[in-house]
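Take this structure, written in structure tokens, and hold onto it; I'll ask about it next.
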Amino acid sequence: MRKPWFLILVILILIGAGWLLWINFKKDSGSGPVKKEVIDRIVLKEGSSVISLEHRGEWYLNEEKANLQRVTELLYLSSLIITDNPVSGSPEKGIMKKLESGISAAFYSGQKCIRAFRICRHKNRQYIRFEDQDRAYPIEIEGYPEIDLYQLCRTNRNAWLSEYVLDYLPHEIREVSIRYPEAGIQNFRLLIDQRAGFELYNYRDQRITQEAGVDLMDDYLYGFSGIGYLQRDAIAEPEGRIPDFELLLRTSLEDTVTLRGYSIFRSSDGAPDPNYFEGFSSIHGHVLLSLSNFDPILVS
């Protein structure tokens, strides 16, 4: 007599498990992680301003090439969103209203929306509402609490077009000089002559016998092509602060570009962030960059 009840219990458990799986699948369709390899379209909306980015072999904004660095960072950082407990009480209404006028972001694979959310800033915090949910959450970017995802999602067209802080091929470069104010013994100057080859000088401006071959030096110089910025704004350079490095790059057209880089310190442990730094460019002003080709050639 117990077997029918046992079978009914098993059936109810299976139905319940299936229901939970369906609910989680439905939830993940809107608020799941953004997987860079499957995304081929991103749509950002801020008021009447719309940015539609499409991957057609390369990322494009309409018919113009998009800023690959910025697109890559958006995909990566969006996958690292950490939500805190949902907003409740008296602040909830105001934040939900602000989210409605905030920025919407949607990530697509073909015609399927992989993830969609609204994001805003309120009193120095970032808040998000996933499109399949009706609650607002304060957020941080895992490992990068200083990164402002809201600013990254802004729909300034110029910021999404392909713009580079440095974009020079080896044959266009005549000089690379990098100073390290707190490690002066690592300073170096590299002169490039397309016929005579390379001349490397140390911090005393003494020529160094360079054993590295032409191919290796070409690889180094290729590192100064396609360096795009993540964010750009009108922040003034800090007075009295010593930069981590000072770059001077002179081109074959006698153009001179300078860039001073400063560490960004993590709020979690006060250590320098190994992936990002802020720079002050003679062309672009204040920029946020991924770490790139600014390590010393000469190591003490």
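Every number in this text was worked out from the coordinates using simple rules, so none of it is lab data. None of the values given here were measured: they were computed from a predicted structure. Note: ideal-geometry Cβ built from the backbone for every residue, glycine included; neighbour counts use all protein chains shown.
Please report how far the C-alpha centroid of segment 246-264 lies from that of segment 58-126, rounded to the nearest whole angstrom.
Using only Cα atoms, the two centres lie 33 Å from each other.
Mind listing which GluC sites (Glu not before Pro) in segment 56-151 are in a DSSP loop and have 16 or fewer other Cβ atoms within 10 Å?
Sites meeting the loop and neighbour criteria: E63, E131, E142, E146.
How long is segment 147-293 along each principal axis, judged by its Cα atoms, biggest number first, in Å?
The Cα atoms of segment 147-293 stretch 49, 34, 25 Å along the principal axes, largest first.
Right, another one. What trypsin sites (Lys or Arg not before Pro) does segment 59-132 have in DSSP loop regions with at most 14 other beta carbons within 10 Å?
Loop-located and lightly packed - K123.
Dipole of segment 31-160, Cα-centred, from +1 at each Lys and Arg C-beta and -1 at each Asp and Glu C-beta, to the nearest 20 debye?
320 debye
Now for a separate question. So if I place +1 on the C-beta of Lys and Arg and -1 on the C-beta of Asp and Glu, and nothing else carries charge, what would the dipole magnitude of segment 126-219 be about its Cα centre? I want it in debye, nearest 20.
The dipole of segment 126-219 has a size of about 380 debye.
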